[in-house]
1. Quick check on chain A: helices-only [θ] at 222 nm, where DSSP H runs of length 4 and up contribute -39,500 (n - 2.57) each and the sum goes over total residues. Nearest 500, please.
2. Send over a whole-number figure in Å² for the accessible area per residue of chain B, probe 1.4 Å.
3. Of all chymotrypsin sites (Phe, Trp or Tyr not before Pro) in segment A:1-103, which ones are in loop regions per DSSP and have a Cβ with at most 14 other Cβ atoms within 10 Å?
4. Which residue, chosen from A:Ile112, A:Leu146, A:Ser21, occupies the Cα position most advanced towards the positive end of the dipole of chain A, where the dipole is computed from +1 (Lys, Arg) and -1 (Asp, Glu) charges on Cβ about the Cα centre?
5. Across peptide A:76-82, how many C-beta atoms of other chains are within 10 Å of each residue C-beta, on average?
6. Inside 10 Å of the C-beta atoms of A:61-68, what's the mean count of C-beta atoms belonging to other chains?
7. Ignoring ligands, DNA and RNA, please state the percent of accessible area on segment A:1-129 from carbon and sulfur, probe 1.4 Å.
8. Give me the percent relative contact order of segment A:4-63, please, defined on Cα pairs under 8 angstrom at least 6 residues apart.
There are 2 protein chains.
Amino acid sequence: MYSLAEENYIKTIFHLQQTKSGAVSTNAIADSMDTKASSATDMVQKLADKKVLSYVKYKGAQLTEKGKKIATRIVRKHRLWEVFLVDKLGFHWDEVHEIAEQLEHIHSTELIKRLDTFLGSPAFDPHGDPIPDEHGNFIKTEKKLLSQLNKSQSGVCVGVKESSPEYLQYLDKKKISIGTKINVLGKEFFDGSMVIEVGRDQFFVSKKIADNLYVQTT
Amino acid sequence: MYSLAEENYIKTIFHLQQTKSGAVSTNAIADSMDTKASSATDMVQKLADKKVLSYVKYKGAQLTEKGKKIATRIVRKHRLWEVFLVDKLGFHWDEVHEIAEQLEHIHSTELIKRLDTFLGSPAFDPHGDPIPDEHGNFIKTEKKLLSQLNKSQSGVCVGVKESSPEYLQYLDKKKISIGTKINVLGKEFFDGSMVIEVGRDQFFVSKKIADNLYVQTT
DNA sequence: ACTATTTTTTAGTCTAGGCTAAAAAATAAC
DNA sequence: GTTATTTTTTAGCCTAGACTAAAAAATAGT
Ligand SMILES: [Mn+2]
Ligand SMILES: [Mn+2]
Ligand SMILES: [Mn+2]
Ligand SMILES: [Mn+2]
């Protein structure tokens, strides 16, 4: 059994090595967890002792198969609970992350099995992220960032990179949610900003906005 | 905000002072929490500093109004989650206590409000215990222990005192659940054992069994 | 009332998981 | 290739929450 702190580290390392390949640095972990590098080093050394990850001094950490299993189980729980909160309790997609951050640590395999069934074994969470199955396998969607599209290309929103309430509320205001079609009408190469069309509306988006929205090109 | 350990102490003290009136001893707390008296003393002193309880050295602890509020909120969460697990996920009543022990610590007032609505604002949990409302008020049922009944009296099962899987499984085997009518056919005053009638079955129960079943006399 | 026993608190130690400051290694600049 | 800078680790300290052993208070026995 792993402690709350250990589970949070494992999950963070898992997410970090999804984006960048190779070992993840203790600094990157500390940054991502809002803690200090020295704390991350301590924890990484402990997790290496427990064979959850491999760690080479000054080189960084990499989850073992064992570590990945643990991580995907936590991610599965997080995302299933998010579906529960939105689908069953009527929460809005910008309100569920913090609560799921706690619920993901409830230990009971039977619970997660039954929750999954209760929810109809969903494949995606409310933010468009795939839910790993009981073996840790999950769909790797072919998705791009909106910022990677060029003028006159279009895509369908399939998820968000950031899921802060502020960002999700912005998207709501602009009537963008999962499944929404977006046309790129113009792109400014100087700062990466765009003019996009959503439904009947046309408006300007900054690079920061476009950098956090995943789309599937059509 | 209170830590996991603090919350568990507060809840335990709340339950202890439900049964016995007056201050609860650090030893009673330690016993009930499966820890040592010295640890209980430390925690009680800390909770006294936080005005969660009043504490007089060598005399024991008593929750303040503030402490009782915290306690009933936790109890409310525990019991609502138990209802969720049984009613929505199909768990059996002997499987839910441990899981609810974790779920009761999830911090979100919005969550508990929505969960309550989702469940139809239940008044009792799967073990027959009343669920406090959002203000901490709950029904104080007029219930006796089965062991308090005498020969030829009868009652309806309204709850259990102990909710260990072993005990609940015993009750299942004997077809006793909430709402079941029980007739006392005989009582042995030497050891408190009884012969009872449940449906068409008649059988012997020890004092230990009868001491953990709540009934409402009819 | 005095002693013996039980209950409760205190003192001191341990581990998990943080932190800061200093040291060491890796990387970048010349 | 040496020096300067950045990254990473180590050393030492802190708090929460446990524990054991010893001390102190309360209670019981005579
Ligand atoms: Mn978490
Ligand atoms: Mn999500
Ligand atoms: Mn608990
Ligand atoms: Mn219960």
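The values are calculated or read from the model by the stated rules, or taken from the named source; none is laboratory data. All of these numbers come straight from a predicted model, not from anything done at the bench. Here the Cβ is made from the backbone with ideal geometry for all residues, glycine too, and neighbour counts use every protein chain on show. The protein model used for the area step is the full one, side chains on, heavy atoms only, and it has no ligands, DNA or RNA in it. Shrake-Rupley method; radii C 1.70, N 1.55, O 1.52, S 1.80 Å.
1. It comes out at -12000 deg cm²/dmol, rounded to the nearest 500.
2. Value for chain B: 53 Å² per residue.
3. Passing sites in segment A:1-103 are A:Tyr58.
4. It is A:Ser21, whose Cα lies furthest towards the positive end.
5. 0
6. 0
7. 50
8. The value is 35 percent.
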